[in-house]
Amino acid sequence: MAGKHMQAAMEITARFCHKEMEEYGACVSSNPSTWQDTCQELKLKVAQCTSSHPVIQKIRTDCAGQFMEFERCLRENQSSAQACSPHVARFVVCAESVDISAVAEVPQPS
């Protein structure tokens, strides 16, 4: 049962904020030296998207440490975002282990 919910957390993030996350990712990779300024607006869109969903709010709370490490890594390795893929992996592992059964039953916006 837990596995289904873990998967759901990542699916919700991808489903609700897929476009925003893809645009931000594309912006970062195409602006290796200026992405922090260039992509700020897209980053805010991702944040707004993710913060509006209860499941994602729980993931952000439970995995805040991993997410902050990932962001710090991006700041320190501005020229090579690839260097932070282990941080992404750790965040994903954390996100997938969050128990969202309490918030997953929220009716989905149609």
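Computed quantities for the displayed model
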item	result
Flag if VAL92 is modelled with pLDDT under 75 and either crowded, with 16+ Cβ neighbours inside 10 Å or under 19 Å from TYR24 (Cα atoms) (or both)	no
Contacts under 6 angstrom Cβ, first residue in the range 86-97 being under 16 Å from THR61 (Cα atoms), partner modelled with pLDDT of 85 or more and assigned to a helix (DSSP H, G or I), 6 or more apart	ARG90/GLN66; PHE91/GLN66; CYS94/GLN66
In the range 68-84, the residues that are within 13 Å of the chain's Cα centre (by Cα) and surrounded by fewer than 18 Cβ atoms within 10 Å (Cβ to Cβ)	MET68, GLU69, GLU71
Positions within the range 51-84 being of a type in the set (Ser, Thr, Tyr) and over 21 Å from ARG15 (Cα atoms), in sequence order	SER79, SER80
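The values are calculated or read from the model by the stated rules, or taken from the named source; none is laboratory data. Worth saying up front: this structure is predicted, and the values here are computed from it rather than measured. All Cβ positions, even for glycine, are placed from backbone atoms using ideal geometry, and neighbour counts span all protein chains on display.
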